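Q: Quick one: the structure is below, and I'll ask about it shortly.
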Amino acid sequence: MLSRIAARVVPFFGRLTVTADPGTRLAPGSILVANHTSLADPALVLAALRRRLAVEPVLMATSGLWRVPVLGRALTREGHVPVHRGTAHAAAALDRAAVALASGRHVMLYAEGRIPPRRDSAENPPEAFRTGLARLALATGAQVVPIGQAGARRITSGGRAKQLAGVLTAPVRRPGLHVHIGAPLTLPADVAEATALAHGAVTEAWRTAAGALGCLVDRAGSGTGHREPGMIDKTPPG
């Protein structure tokens, strides 16, 4: 249900485009990991996955969403996984995700664990990953699919007043939104190495998505502005 709703609602708030690495195919029971920059980006990614690959994944999300009337019941009914961060129940989320993967369902998660604190609407590169992704991949042998999204911060970002204003004006502004799906990875057995590899792949997918919207990305990886659509900043490092 969530994916179907996202596919219907997202085009109302912006102009969504989707790309993928050549030959990208998802094996049954893959882990999908995306960069997290806004409250709006889960909807973008769900809509993109349904449009491009006809995929409707199990979502690992903060347990607070399960307290929202109607939404919480829908999340439970569809088998999505609540993450109780900072509690004794946090590890149980990985166990439930592993069961979903074993049944052949795809699982989508956010390895950063938070939205960046910046107040403006510029793009933000993926922050450091937590180790849950690597541990889940190691325990299940599942492939990891890196996903980059850009533009969600143009719908909602910053403080509460700014977020509300962004949502209310997005249908008029109709900002560009882009999701790029990278080629699947098999992560190494070392958790630190696997975490770094996955972070690098998601960062590269995010750069592709930001470039598709014409965003300037500085050498440190921060989004600093916009170019004409389709232009990508290729300034070499150093």
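The values are calculated or read from the model by the stated rules, or taken from the named source; none is laboratory data. In this text, all values refer to a predicted model and were calculated from it rather than measured experimentally. Glycine also receives a Cβ, built like all others from the backbone with ideal geometry; neighbour counts cover every protein chain displayed. SASA here: full protein model, heavy atoms, side chains in, ligands and nucleic acids out. Shrake-Rupley method; radii C 1.70, N 1.55, O 1.52, S 1.80 Å.
Q: Between G104, G211, G148, which gets the highest mean-square fluctuation from a Gaussian network model of the chain, Cα cutoff 10 Å?
A: Comparing G104, G211, G148 in the GNM, the peak value goes to G104.
Q: So, one more: Per q in 0.15 1/Å, what log10 I(q)/I(0) does a Debye calculation on the alpha-carbon atoms of the chain return?
A: Taking Cα atoms of the chain as identical point scatterers yields -1.03.
Q: Something else about it: Can you list the DSSP H helices in the chain whose Cα atoms extend at least 30 Å along the helix axis and whose mean Kyte-Doolittle hydropathy is 0.0 or higher?
A: Numbers: long enough: 191-212 (32 Å, 0.45).
Long hydrophobic helices here: 191-212.
Q: What residues have an amide H closer than 5 Å to that of A40, excluding those fewer than 5 places away on the same chain, when H is modeled at 1.01 Å from N in the peptide plane?
A: T156
Q: Find out how many positive minus negative residues lie around G159, taking Lys and Arg as positive, Asp and Glu as negative, among other residues whose Cβ is under 14 Å from that of G159.
A: Values: positive: R118, R119, R153, R160, K162; negative: D120.
It works out to a net charge of +4.
Q: What are the residues whose amide H is under 5 Å from the amide H of V83, where those residues sit 5 or more places off or on another chain and H is modelled from the backbone?
A: A61, T62, S63
Q: What three numbers, in Å, describe the spread of the alpha carbons of the range 2-134 along their principal axes, ordered from the longest?
A: The principal-axis extents, from largest down, are 40, 37, 32 Å.
Q: Can you tell me what percent of all Cα-Cα pairs in the range 13-57 are more than 18 Å apart? Can you show the working numbers first?
A: Numbers: 284 of 990 pairs.
Beyond 18 Å sits 29 percent of the P(r) for the range 13-57.
Q: Just the number please: accessible area per residue for the range 67-208, 1.4 Å probe, all protein chains included, in Å². Intermediate values should be presented prior to the final figure.
A: On the way: 6740 Å² over 142 residues.
Accessible area per residue: 47 Å².
Q: Got a number for carbon plus sulfur as a percent of the chain's accessible area, 1.4 Å probe? Don't jump to the answer; show the numbers that get you there.
A: Values: 6800 of 11460 Å².
Ligands and nucleic acids excluded, carbon and sulfur give 59 percent.
Q: With label points built 7 Å along Cα→Cβ from the Cα atoms of T169 and T131, find their separation and express it in nm.
A: Here the modelled spin labels are 4.4 nm apart.
Q: Relative contact order for the chain: what percent, with Cα pairs under 8 Å and sequence separation of 6 or more? Don't jump to the answer; show the numbers that get you there.
A: Numbers: 497 pairs, mean separation 61.9, N = 238.
Contact order relative to length: 26 percent.
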